[in-house]
Amino acid sequence: MEKNFRIYRNTFDMDYNKHFEGAFCQGNGYQFLRATFEEGIDGEEQGEIYTREFKSVTTEKQRCAITKWGTYIPTIMGNNPQLNEVIINLPYFMDFNLLADGEKLSMNRCDISDFSMVLNLKNGCLTRTFTFNTKSGSTIKAKYERFPSKKNKHLFVQKITYKAENRDANIEITSGIDTNVTTNGFNHFMEISTTTNDDSITVVSKSDMGNTITQSSYLACDKEQVNIIDNKFNVQYDLKENEEITFIKKSFSFTDMDNEEIGIEGELVKSYDELYKENSQVWEKLWDRSDVVIEGNDHDQLGIRFSIYHLLRCKEESEYRSSICAKGFAGEAYYGRYFWDSEIFMLPFYIYTNPNIAKNLLMYRYNTLEGAKENARSYNCKGARYPWQSATTGTEQCSLWEYADNEIHITADIVYGIWHYYKATDDIEFIKNYGAEIIVETARFWLDRVDVDKDGNYNLFNVMGPDEYTAFNCNNTFTNRLVKFNLETACYVIQLLNETDKIAYVKLCDKVKLDNKELLEFKKVAEKLILPDYEKVQYIPQSENFDNYADVDIDNLWKDRKNPFGMYMTHEKLYRSKVLKQADSLSLAMLFKTDFTIEQIKNTYEHYEPITTHDSSLSPINHAIVAGWIGKEEHVNKFLQYSLSLDFDSNRNGAKDGIHIANCGCMYQFIIHTIAGIDNALINEDEIPMSTSYTMPKGWDKVSFKILWKNVSYFVTVDKNGTKITKGI
Ligand code: IFM
């Protein structure tokens, strides 16, 4: 058994139940399942109808405190009249119930001992074992294993075994596809029907956005015939003392969005072991290219692998119609929507380990370009304005106006992601066919969004930068720098195509109707967009107005640090106070390191870190990255542990409504940028760009990983002697 590839849950304490459902979430890039108990939890209604408030998620209290089933296929979204498009929680095909000696198994009501739940990060297989001590005196050993297949993305496999340990026992199981589920308290099914065949149960649902979802389950038992009664599989059996009974349930999900063969017949004849092996082999290959091996600190090793596991389960290579939602498809907290998290925090992991996935993440943005154009029009602007929260079409889904109207940096962040991908892969075909169009259309949007002042300078008034506790900035440095980059990249890409591929150049100019006059406008605005004089101020101010805001006595106000600071101050007050939700200037330092001297980055850190609350999960790891660059070792350790505590350590209950997947992605960036000292691809054209300094967190002796750079694989090791890179392994 490989060391440090398994995470354990050894208590079924209901206070942490929801956290483990998120933390142990399974997925294969197509379907995603929260790690809920097959039989549910007694008394925990899953079909409750209620109105979910559209408040800021940071301060919102979610419903379903103990358990929330979650079965998601990202391309399937529904229409919530208050919340807009949301990912739909689909019927629950993992359903499996046991009666032993007439007593219904329930983890919270029955006498259960020796409980353990293990997620094998190496192959995404989840195992739950326990002993059920029935009231009438039987001791039943139970084992539940399950995984979504990475080989056949439509398939989900369950194996359930019961053994009568101390005497004969009667068991009865029922298992079906439970349709009594809602999403954020809303029923998204216009029609739902359950039909049965000799050997299967099928549920066909029609969503309120017109999609058809089909789920079919097949059950086999090694000891007894399987009957279907009232749309449920049913098996009754008298287990002899020491006898074991095994059930294999195979469930297939597909939708009207899928074109490929499902291959049900072929999968039905395979044994559990065969399917397990096939799945493990695919995972093995994924780990081979993306593992980060840490010697000297088992806790951190497992934590980093936990993050990589979630990144690996989130995406499969062929999917280009969706991105990765902010909760890693492990809960309903952000409604399954896509943010800047994808391009800035997660994309680099895929760029450096599996560029096909990176490309498809960007293809999602290309496929939603029309929606982005519609957004621009709705703000009376030309070009393309990507939404703060994106779903199926690229039109704005965020129902909180301050974010939707003002958090416009996302549009330029996407261009940053595209260029990052291109620089690390040299995929000029992607730029020619898709990327350049996005880059030009987005640049065009900025021409209308900027305001010129009496000195002829361009300004971005009334914006929200990454720090969401400052909603109405004047010339937010992060936003302005990214917008400048967007405009400059547009000029550069046009010039590049003009010089290297006239056909592609003409095709692009025709398609986007670009002329020289507009190109000169891009150039002019890029040059005259206001940015601070770093030479003069020697740090990166958040914006023109922020540092004049009122000071806040954070320590006094923040009564209980288990809650976000935002619970102790109204948003109205936050918006005019000197307190930050997340790194804003430090996010800029992370993306454009060479714009600044180390001294300036250090000053920025000292200036803002004391007033940052980290109410956003994107903040701690960003701090760890920068702290390493400026030699603040203690802070590297502090913020690394903070970041690991968000989902991996259970004490914060952090994963209850989903995984902080941007944090997972940025943890990988911490490894490459801060531990190994590899700068991001935008900094240098040809060689892997290296910084001289690197940092090792507490207890870490050696780190090694593979990285892809312009189609060549490198093996990187870091130890006390520095970073060593070997080509071609
Ligand atoms: O994109 C982030 C944002 O920066 C902070 N609030 C949560 C969003 C989704 O993770």
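The values are calculated or read from the model by the stated rules, or taken from the named source; none is laboratory data. All figures in this text were calculated on a predicted structure; none of them were measured in a lab. Counting neighbours? That spans all protein chains shown, and the Cβs are built from the backbone with ideal geometry, glycine included. Note: areas computed on protein heavy atoms with side chains; ligands, DNA, RNA excluded. Shrake-Rupley method; radii C 1.70, N 1.55, O 1.52, S 1.80 Å.
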- Keeping to pairs on different chains or 8 or more places apart, tell me how many lysine pairs in segment 445-523 have Cα atoms under 28 Å apart. 17
- Looking at this model, which pairs from K382/K581; K143/K702; K153/K327 are more than 29 angstrom apart at the alpha-carbon? K382/K581; K143/K702
- Task: Specify the angular offset, from 0 to 90 degrees and rounded to the nearest 10, of the alpha carbon long axis of helix 516-528 from the longest principal axis of the alpha carbons in the chain.
- Result: 90
- Measure off 7 Å from each Cα along the Cα-to-Cβ vector at R6 and R321, then give the distance between these two points in nanometres to one decimal. 3.8
- Message: Can I get the semi-axes of the chain's equivalent ellipsoid? Compute them from the C-alpha gyration tensor as square roots of 5 times the eigenvalues, in angstrom, largest first.
- Response: 46, 27, 25
- Task: Just read off the accessible area of M14 with the full protein assembly in place, 1.4 Å probe, to the nearest 10 Å².
- Result: 40
- Message: Between D686 and K223, what is 0.36 nm times their sequence separation minus the Cα-Cα distance? Round to one decimal in nm.
- Response: 160.4 nm
- Query: How much accessible surface does I503 have with a 1.4 Å probe, in Å² rounded to 10?
  - Reply: 140
- Query: How would you rank 96-104, 714-722, highest first, on the average number of other Cβ atoms within 10 Å across their residues?
  - Reply: 96-104, 714-722
- Item | Lys/Arg +1, Asp/Glu -1 at C-beta; segment 114-156 dipole; positive extreme among L119, L155, T134 | L155
- Task: Scan segment 545-653 for trypsin sites (Lys or Arg not before Pro) in coil per DSSP, keeping those whose Cβ has at most 11 other Cβ atoms within 10 Å, and list them by number.
- Result: K559, R561, K562
- Message: As I understand it, the value is the acute angle between the Cα axis of helix 436-449 and the longest principal axis of the Cα atoms of the chain; what does it come to in degrees, rounded to 10?
- Response: 60
- Note on the structure: By the Cα gyration tensor axes a ≥ b ≥ c (a/c under 1.5 gives rounded; else a/b larger than b/c gives prolate, otherwise oblate), the shape of segment 571-709 is oblate
- Run the quick spin-label model on V452 and K573: label points 7 Å from Cα toward the beta carbon, then report their separation in nm to one decimal. 4.3
- Query: Once the Cα atoms of helix 477-500 and of the chain are each reduced to a long axis, what angle between those two axes, in degrees from 0 to 90 to the nearest 10, is obtained?
  - Reply: 80
- Message: Charges on Cβ only, +1 for Lys and Arg, -1 for Asp and Glu, centred on the Cα centroid of segment 638-729; of W700, T726, P689, which one is farthest towards the dipole's positive end?
- Response: W700
- Note on the structure: In nanometres, the difference between 0.36 nm per residue of separation and the alpha-carbon distance of L531 and K710 is 61.2 nm
- Message: When a/c reaches 1.5 or more, the comparison of a/b and b/c decides; with that in mind, is segment 23-98 rounded, prolate or oblate per its Cα gyration tensor?
- Response: oblate
- Note on the structure: Place a point 7 Å from the Cα of S116 in the direction of its beta carbon; the residues of segment 148-163 whose amide N falls under 20 Å from it are 159-163
- Where a ≥ b ≥ c are root eigenvalues of the Cα gyration tensor, a/c under 1.5 meaning rounded, otherwise prolate if a/b exceeds b/c and oblate otherwise, segment 263-378 counts as oblate
- Taking Lys and Arg as +1 and Asp and Glu as -1, residues besides G29 with C-beta under 14 Å from its C-beta add up to +2
- Pair E278, W401: separation of 7 Å Cα→Cβ label points (nm): 5.3
